[in-house]
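**Student:** Let me begin by handing over the structure; questions about it come next.
The values are calculated or read from the model by the stated rules, or taken from the named source; none is laboratory data. Just so it is clear, the structure is predicted and the values come from calculations on it, not from any experiment. Note that each Cβ is placed from the backbone with ideal geometry, even for glycine, and that neighbours are counted across all protein chains shown.
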């Protein structure tokens, strides 16, 4: 039966696979740093990075990366030593990152938004030799055995902006014993001597978002990240290469997704550099800055989060910007309502596609096809050489038929080696060659995949299972709701689980009238057990750095506000559905 299901899925996949995208690729067993090195050979004078108007060519970028590699070698760092990065999307991240890889060391980008103690834990767990951080993060840098190098954000600005930034941020750079990033560039560039085994040697350790537990270090080899860069390259560019030239001659990509996240690292750094694109660096991904750089540099590609897309279409001055140069945008990490997607495509004229992945898979495993309209609510089809199964939630051993929910399992060249120094968790996640994602998915009759939510997010209310996204989508459909988050909250009095919601209202809406209207909407369109027992209005939802709802924080907020009745301006409104 399982073989028959697999065969049927493969037949449908071949029917719906995008034009110009190979179903299987050849993955070179080469070090990951060759993504930059090869583009520097092919396009030496092409602009690789734009940073507030400052342009850095591919040849200059690779030359500076080699200087970092030489310095690390002179310092005695060896193959496999960990070097941590705590930097936003600035030139120093790209330079240091590829220098670390070229030296045979392991790059470990850390989230600078994490609490100081979490940063300390990760650095200690990694046994990092060096930490390269932005000087403005000094107050978050923990003490330890690692040597600290501070990068100044304004170092690569045009001269007039550099002067203004120095005046504005005087006094921020007193780093004690910390050294300067420019010292890493003092060694002359030299040929790479470190032998790297791409299939075995680690390139990067990325920490998970920690929404379902303490962040875990995900180990990726040179081979796995090179594979995912090639998979995404052929998926997003294969059709365009055959059917439509780029308006600017080659892609101009807005790199606003943080590089310390797996999505940003692959889709906004690796893949564009592989394509010989020009990366427009946005260290602070504010919506007005994103729209400004799209207009100024005639950007063609926008990797985005659903939150970015919403902020663009809802911005009061969006009409002041010309976003018509965009031809393709891809989003992922969280659901995006179809109405917002349609508004974005009408506004920009770009195709908008939705992808799926997780840090443990490089991260991209699925995406909607580029050669046709996406299907609302779907994440499309698997990338080349990516297999998937949907198995029963009880045992995890049996494939479920189309139309039935189950846990998504994936297998492919982009899957991680395992979790850093966590063998038991690695064994639970990787079984018989399959990565157990923990996400619950459903496959429709056309072969399109839809993600229902995390396995741990399933709510069992009154003996029935439901997924938060169904209720959230209905709440977001109300004209007065900007965002919504739904979780299950334990009710000890009834020994059961309550469906409860937080919402962020749109301007001009709020109060008990909005809550009452939402409850009426839910009663009209949902089964009784899916109707929230309580809806609270808040100013903003707890989010991860990538804009994904942090459901653990949502649940804690709801539990802490149990029984709360607020007034206008006093806090969230609460109303019981009893």
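**Student:** Is at least one residue of region 345-352 in contact with a strand residue (DSSP E or B) (Cβ under 9 Å, 6 or more places away or on another chain), modelled with pLDDT of 95 or more and more than 26 Å from residue 447 (Cβ to Cβ)?
**Tutor:** Yes, some residue in region 345-352 is in contact with a strand residue (DSSP E or B) (Cβ under 9 Å, 6 or more places away or on another chain), modelled with pLDDT of 95 or more and more than 26 Å from residue 447 (Cβ to Cβ).
**Student:** Something else: Quick one: would you say residue 479 is surrounded by 19 or more Cβ atoms within 10 Å (Cβ to Cβ) and part of a loop (DSSP other than H, G, I, E, B)?
**Tutor:** No.
**Student:** With respect to residue 490, is the statement that it is assigned to a strand (DSSP E or B), modelled with pLDDT under 85 and outside the structural domain of residue 205 (by TED's automatic domain parsing) true?
**Tutor:** yes
**Student:** For residue 455, which of the numbered conditions (1) within 17 Å of residue 537 (Cβ to Cβ); (2) under 23 Å from the mean Cα position of the chain (by Cα) fails to hold?
**Tutor:** (1)
**Student:** May I ask you to verify whether residue 113 is in a loop (DSSP other than H, G, I, E, B) and modelled with pLDDT under 95?
**Tutor:** The answer is yes for residue 113.
**Student:** Here's a follow-up. Going through region 49-89 one residue at a time, which ones are assigned to a loop (DSSP other than H, G, I, E, B) and surrounded by fewer than 23 Cβ atoms within 10 Å (Cβ to Cβ)?
**Tutor:** Across region 49-89, the qualifying residues are 52, 53, 75, 76, 77, 78, 79, 80, 81, 88.
**Student:** Another question about this same structure. Count, please, the residues in region 390-401 that happen to be over 28 Å from the mean Cα position of the chain (by Cα) and either surrounded by 12 or more Cβ atoms within 10 Å (Cβ to Cβ) or not in a loop (DSSP other than H, G, I, E, B) (or both).
**Tutor:** 3
**Student:** Search region 120-138 for residues being under 14 Å from residue 205 (Cβ atoms) and in a helix (DSSP H, G or I), and hand back the single one that is farthest from the chain's Cα centre (by Cα).
**Tutor:** 124
**Student:** Of the residues 453, 488, 480, 433, only one is closer than 25 Å to residue 560 by Cβ and without any contact (Cβ under 8 Å) to a residue 24 or more places away in the chain; which?
**Tutor:** From the options 453, 488, 480, 433, the qualifying one is 453.
**Student:** Only one of 557, 541 is in a loop (DSSP other than H, G, I, E, B) and closer than 25 Å to residue 308 by Cα; which?
**Tutor:** Residue meeting the stated conditions: 541.
**Student:** Restricting attention to strands (runs of 3 or more DSSP E) lying wholly within region 306-382, give those where 1 or more residues are farther than 13 Å from residue 235 by Cβ and in the same structural domain as residue 227 (by TED's automatic domain parsing).
**Tutor:** Counting at least 1 such residues, we get 328-331, 351-357.
**Student:** Could you pull out the residue among 293, 267 that is under 28 Å from residue 37 (Cα atoms), within 19 Å of the chain's Cα centre (by Cα) and either in a helix (DSSP H, G or I) or not assigned by TED's automatic domain parsing to the domain that holds residue 548 (or both)?
**Tutor:** 267
**Student:** Just give me the residues in region 270-290 being within 22 Å of residue 355 (Cα to Cα) and in a helix (DSSP H, G or I), in sequence order.
**Tutor:** 270, 271, 272, 273, 274, 287, 290
**Student:** On to the next question. Would you confirm, using the coordinates I've provided, whether residue 201 is at negative phi and modelled with pLDDT of 95 or more?
**Tutor:** yes
**Student:** Still on this model: So residue 518 passes all but one of these: (1) surrounded by 16 or more Cβ atoms within 10 Å (Cβ to Cβ); (2) at pLDDT 90 or above; (3) out of contact with any helix residue (DSSP H, G or I) (no Cβ under 9 Å at 6 or more places or on another chain). Which condition number does it fail?
**Tutor:** (3)
**Student:** Tally the residues that are modelled with pLDDT of 95 or more and within 27 Å of residue 542 (Cβ to Cβ), restricting the search to region 122-145.
**Tutor:** Matching residues across region 122-145 total 7.
**Student:** Also, I was wondering about something else. Does region 493-505 hold any residues that are modelled with pLDDT of 90 or more and either out of contact with any helix residue (DSSP H, G or I) (no Cβ under 9 Å at 6 or more places or on another chain) or part of a loop (DSSP other than H, G, I, E, B) (or both), and which are they?
**Tutor:** 504 - this is the single residue of region 493-505 that is modelled with pLDDT of 90 or more and either out of contact with any helix residue (DSSP H, G or I) (no Cβ under 9 Å at 6 or more places or on another chain) or part of a loop (DSSP other than H, G, I, E, B) (or both).
**Student:** Inside region 317-327, can you point out the residues that are closer than 20 Å to residue 289 by Cβ and surrounded by fewer than 23 Cβ atoms within 10 Å (Cβ to Cβ)?
**Tutor:** Correct list: 317, 318, 319, 320, 321, 322, 323, 324, 325.
**Student:** Please state which of the following conditions residue 409 fails to meet, knowing it meets all the rest: (1) buried (at least 18 other Cβ atoms within 10 Å of the Cβ); (2) in contact with a helix residue (DSSP H, G or I) (Cβ under 8 Å, 6 or more places away or on another chain).
**Tutor:** (2)
**Student:** Of the conditions (1) more than 20 Å from the chain's Cα centre (by Cα); (2) under 22 Å from residue 480 (Cα atoms); (3) free of Cβ contacts under 8 Å to residues at least 60 places away in the same chain, residue 336 satisfies every one except a single condition; which number is it?
**Tutor:** All conditions pass for residue 336, except number (1).
**Student:** Determine, yes or no, whether residue 212 is touching a strand residue (DSSP E or B) at 6+ places or on another chain (Cβ under 9 Å), modelled with pLDDT under 90 and within 25 Å of residue 121 (Cβ to Cβ).
**Tutor:** Judged against the criteria, residue 212 is a match.
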